[in-house]
């Protein structure tokens, strides 16, 4: 039950921690790659601590959700006292290990943890700010990945990640609103401030912004000087990925859990694999 509450499946989100090692051309440098992988696991552990804490805080509201009511804490299968002990043990151990490897990396993890604690108790009730906080969590994954291997952080990577995270965050809110319908505000009070029309507008805005930003990144002087012009050929994968997820949100009424969508939708999963493979070929073999 503890492992279920830690949501190991959600660790796939933390592949963003590995993106700096990919774009810094250190993917095949054993020592640096080992540091990046260590960063991935440590970030995943602190994220799991947040998931457990969230489930403790949200236990009563989760019981009103058709799916979340089955979570161990909400269902009563995992006592709150045991879950609390998991958090108390997990956080200092993870931050201690992170400090031992790289003090600045530990500070990023600490900031991520504090920000998400504030989110759990306050920011998740602030309209728009709630989704922006989710986006900030993804940006911190990029920052953590760059800090632990001591490479400069690409502004383009931060901007593209922010916009993509906003896209996923607004899609998640739309799914919650449509699934819960009139009871949505009971599960998540901030949903009273949203409407499907407003969320559709926000999703359309960040979809276009994400695509434009990625295209500009591929043709920027900095990128061309570093990788050549070939990265522009990866744009169709990004375009299809955005459109496919948009299709899932609107036609299949999904999008509540990005991790589930990426792992369960074969066309989307294949597209991500092809994008990653093409990026590796262009950066390392051309």
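Here, each number is a calculation from the coordinates, and none is a lab measurement. All values derive from a computational prediction rather than experimental measurement. No Cβ is skipped: glycine too gets one built from the backbone with ideal geometry, and neighbour counts run over all protein chains shown.
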Worksheet item: In percent, what relative contact order does segment 1-153 have, based on Cα pairs under 8 Å that are 6 or more apart in sequence?
Response: 33
Response to the item:
GNM of the chain, Cα pairs under 10 angstrom: of 95, 34, 177, the biggest fluctuation goes to 34
Worksheet entry | Sorted by Cβ density within 10 Å, fewest first, the residues 190, 127 | 127, 190
Discussion item. Roughly how far apart, in whole Å, are the Cα centres of segment 187-217 and segment 92-117?
Written reply: 30
Worksheet item: Tell me, 40, 105 in order of fewest to most beta-carbon neighbours within 10 Å?
Response: 40, 105
Worksheet item: From Cα coordinates alone, what are the radius of gyration and Dmax values for segment 154-286 in angstrom?
Response: 16.6, 54
Discussion item. Taking the number of other C-beta atoms within 10 Å as the exposure measure, put 274, 164, 109 in order starting with the fewest.
Written reply: 274, 164, 109
Worksheet, complete the sentence: With bins of 10 Å, the percent of all Cα-Cα pairs of segment 102-200 per bin from 0 is 15, 40, 29, 13, 3
Worksheet entry | GNM result for the chain, Cα springs below 10 Å: residue of 241, 84, 39 fluctuating most strongly | 84
Response to the item:
Within segment 258-278, the residues whose backbone N lies under 15 Å from a label point placed 7 Å from the Cα of residue 12 along the Cα-to-Cβ direction are 258-276
Item to complete: Could you let me know the centre-to-centre spacing of segment 12-36 and segment 140-177, using Cα atoms, in angstrom?
Response: 15
Worksheet item: How high is the relative contact order of the chain, given as a whole-number percent (alpha carbon pairs under 8 Å, six or more residues apart)?
Response: 18
